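Each reported figure results from applying straightforward, stated rules to the coordinates on display, with no laboratory input. All values reported here derive from a predicted model rather than from experimental measurement. FYI the Cβ positions are ideal-geometry reconstructions off the backbone, even for glycines, and counts take in every protein chain you see.
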There are 2 protein chains.
Amino acid sequence: MEKAGISLSVDAVVFGYQPEQGLSILLIRRKYEPFKGGWALPGGFVLEGESLEEAVSRELKEETGVQLNYLEQLYTFGDPKRDPRRHIVSVAYFGLVRPDHFEIKADTDAEDSQWFQLDELPKLAFDHLKILEYARERLRAKISYEPIGFELLEPKFLFGDLENLYMSILGRSIDRRNFRKKMLAFGILDELDQKVKNGPGRPASLFQFNQEKYFQHQRDGFHFEI
Amino acid sequence: MEKAGISLSVDAVVFGYQPEQGLSILLIRRKYEPFKGGWALPGGFVLEGESLEEAVSRELKEETGVQLNYLEQLYTFGDPKRDPRRHIVSVAYFGLVRPDHFEIKADTDAEDSQWFQLDELPKLAFDHLKILEYARERLRAKISYEPIGFELLEPKFLFGDLENLYMSILGRSIDRRNFRKKMLAFGILDELDQKVKNGPGRPASLFQFNQEKYFQHQRDGFHFEI
DNA sequence: ACAAAAGTGTTGTAGATACACCCATGT
DNA sequence: ACATGGGTGTATCTACAACACTTTTGT
């Protein structure tokens with residue numbers, strides 16, 4: 001890397017959700033100073049000639065091997081003192097991963113990356129806690145007015161899981177009946193014929209997000225809002 | 001500036017509003033290649049050790065002399081081909097200016113900066129049109145759920161002007177009675193005793209945005225939404 | 001008196017909230 | 001039969017949209 005001038009990096013706040021464990025985020029253990037051995041968001045320097053999204057995907061692949069299902073730019077953190085070494089500006093992204101892509105592939109740099117539940121976070125390097133909080137806030141806001149929740153679930157999911165996902169992201173309880181009514185009224189979910197039984201209790205239907213219908217309704221000027 | 005590596009710049013989309021002329025934005029004429037003589041957003045390279053906001057303020061002062069009333073980060077544009085010279089990543093900001101700070105001070109670099117009405121825009125350099133459109137969209141969205149409209153008006157303003165401001169930003173007509181009812185119901189505007197007469201017609205009251213009250217209501221968990 | 005702009009109130013309607021019981025299965 | 005989780009309907013309330021006339025001034 002260059003010695004003088006401003007460097008540009010990207011960092012990714014990657015959320016995953018599992019019905020049993022709730023929301024988690026992906027962290028890596030740093031191999032070098034500063035904060036060697038500490039936990040940090042996956043990320044790294046942007047290479048000359050590559051786009052920001054390419055940099056994020058590349059770093060995520062190198063460091064963790066996870067496959068993103070959704071990626072969106074979050075905010076650019078530019079405080080010249082945010083990195084003790086020198087002036088490094090970081091463009092933060094936030095991403096979502098489906099449970100079936102949770103396995104961390106120990107390919108390249110992946111030897112030490114790990115999912116952490118949000119209530120059991122370790123201390124984070126740099127200003128990464130601030131970035132993480134910013135991302136949580138964005139996720140909360142975004143899930144209420146765009147149907148990105150589905151990107152955190154398997155393609156076929158149970159309504160109850162969707163409901164729990166919303167509750168854990170929004171941090172409040174939701175009336176089951178009203179939620180279902182509202183969500184189904186958008187007409188962007190397909191109910192499948194399959195039923196799932198686990199343990200006692202009535203079997204539940206599987207649902208599927210129908211992106212075509214969503215785009216269609218969007219063109220017709222409707223507005224998703226929970 | 002350095003010759004290799006990625007450079008970092010900031011660009012600002014600065015909106016101003018005048019009741020008679022509607023929304024305008026601030027552009028500068030480029031002195032150097034590329035796009036020499038063309039119109040562009042004010043901005044420039046970030047200096048080592050300065051924050052992004054400092055860079056924006058500095059460049060705006062150098063190039064146009066206007067005083068911002070509101071500043072917010074917009075998005076970071078990182079396509080390596082967005083600048084024909086080399087890889088330059090730009091953090092775009094959007095800002096709002098009050099009519100009483102409209103005068104462009106011909107101090108330093110200001111010799112060629114100018115307000116343009118949105119329907120009379122010249123061709124813009126680089127990807128600046130894209131950035132501008134992004135900013136317009138953000139302004140539209142933001143003005144509907146945060147009370148930033150006032151930052152575009154004099155501290156004391158007429159209700160009619162506020163109404164026209166909203167209509168020109170949202171690009172649709174608004175029912176005068178409902179708008180007033182809703183806006184006043186938030187309890188964040190103070191009606192002053194002064195009345196203003198211009199020409200024929202009933203004199204209008206002056207209003208003032210009360211930030212204290214807004215912060216108070218915000219803490220109480222209310223939500224501004226037009 | 002007339003033209004121009006400011007100010008104001010009511011009613012209907014759609015969407016949100018609150019709320020409790022039945023259904024299908026496993027043990 | 002009972003425990004467990006899934007599925008559903010209704011009444012009330014609140015917030016928004018639609019809509020037209022009166023008031024105050026200048027000319």
Out of A:Tyr214, A:Phe35, A:Ile88, whose Cα points farthest toward the positive end of the dipole of chain A (charges: +1 Lys, Arg; -1 Asp, Glu; placed on Cβ)?
A:Tyr214
DSSP loop GluC sites (Glu not before Pro) with at most 13 other Cβ within 10 Å excluded, longest remaining stretch of chain B
B:104-224
Exactly which chymotrypsin sites (Phe, Trp or Tyr not before Pro) in the range A:130-226 are in a DSSP loop and have at most 14 other Cβ atoms within 10 Å?
A:Phe222
Got the B:Asn164 label distances to the other copies yet, label 7 Å along Cα→Cβ, in nm, shortest first?
5.7
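As a footprinting exposure proxy, order B:Asp190, A:Asp119 by other Cβ within 10 Å, with the fewest listed first. Don't skip to the end; give the middle numbers.
On the way: B:Asp190 12, A:Asp119 8.
Arranged by neighbour count, lowest to highest, B:Asp190, A:Asp119 become A:Asp119, B:Asp190.
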Using a/c under 1.5 as the rounded threshold, could you call the range A:157-220 rounded, prolate or oblate? The axes a ≥ b ≥ c are square roots of the C-alpha gyration tensor eigenvalues, and prolate needs a/b larger than b/c, oblate otherwise.
oblate
Suppose you put the label 7 Å out from Cα in the Cβ direction; list, shortest first and in nm with one decimal, how far B:Asn210 is from each other copy's label.
5.0
Which of the listed residues, B:Phe224, B:Leu124, B:Phe179, is farthest toward the dipole's positive end in the protein assembly as shown, when Lys, Arg count +1 and Asp, Glu count -1 at the beta-carbon?
B:Phe179
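What fraction, in whole percent, of alpha-carbon pairs in chain A exceed 27 Å separation?
Numbers: 9820 of 25425 pairs.
Summing the P(r) of chain A above 27 Å gives 39 percent of all pairs.
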For the range A:88-103, Karplus-derived ³J(HN,Hα) couplings (6.51, -1.76, 1.60; θ = phi - 60°; whole Hz; x for glycine and proline) come out as 10, 8, 10, 8, 8, 10, 10, x, 10, 10, 7, x, 6, 10, 6, 4
Residue separation between A:Glu54 and A:Gln117 times 0.36 nm, minus their alpha-carbon distance, gives in nm 20.0 nm
Dipole size in debye (nearest 20) for the range B:157-220 around its Cα centre, Lys and Arg Cβ +1, Asp and Glu Cβ -1?
300
List the trypsin sites (Lys or Arg not before Pro) within the range A:159-189 that DSSP assigns to loop and that have no more than 15 neighbouring Cβ atoms inside 10 Å.
A:Arg172
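Treating the beta-carbon of each Lys and Arg as +1 and of each Asp and Glu as -1, no other charges, what is the dipole magnitude of the range A:2-142 about its Cα centre, to the nearest 20 debye?
Details: 19 positive and 25 negative charges, 99 e Å.
Computed about the Cα centre, the dipole is about 480 debye.
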Compute the distance in nm between two label points, each set 7 Å from the Cα along the Cα-to-Cβ direction, one at B:Glu225 and one at A:Ala141.
1.5
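Could you give the size of the charge dipole of the protein assembly as shown about its Cα centre, using +1 on the Cβ of each K and R and -1 on the Cβ of each D and E, expressed in debye and rounded to the nearest 20? Please list the in-between numbers first.
On the way: 62 positive and 74 negative charges, 243 e Å.
Dipole of the protein assembly as shown, to the nearest 20 debye: 1160 debye.
First check a/c for the protein assembly as shown, with a ≥ b ≥ c the square roots of the eigenvalues of its C-alpha gyration tensor; if it is under 1.5, answer rounded, and if not, answer prolate when a/b is larger than b/c or oblate otherwise. Numbers along the way, then the final one.
Details: a/c = 2.13, a/b = 1.22, b/c = 1.74.
Here the protein assembly as shown falls in the oblate category.
Using a ≥ b ≥ c from the Cα gyration tensor of the range A:1-68 (square roots of the eigenvalues), is it rounded, prolate or oblate, where a/c under 1.5 gives rounded and otherwise the larger of a/b and b/c decides, a/b for prolate?
Values: a/c = 2.89, a/b = 1.58, b/c = 1.82.
Verdict is oblate for the range A:1-68.
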Choice from B:Asp83, B:Asp100, B:Asp193 with maximal GNM fluctuation in chain B (Cα, 10 Å cutoff)
B:Asp193
Stretch B:Ala185-B:Asn164 to full length: gain in nm at 0.36 nm per residue minus the Cα-Cα span?
5.7 nm
Any aspartates and glutamates whose Cα falls less than 13 Å from that of B:Lys31, other than same-chain ones fewer than 8 residues away, would be B:Glu63, B:Asp109, B:Glu111, B:Asp112
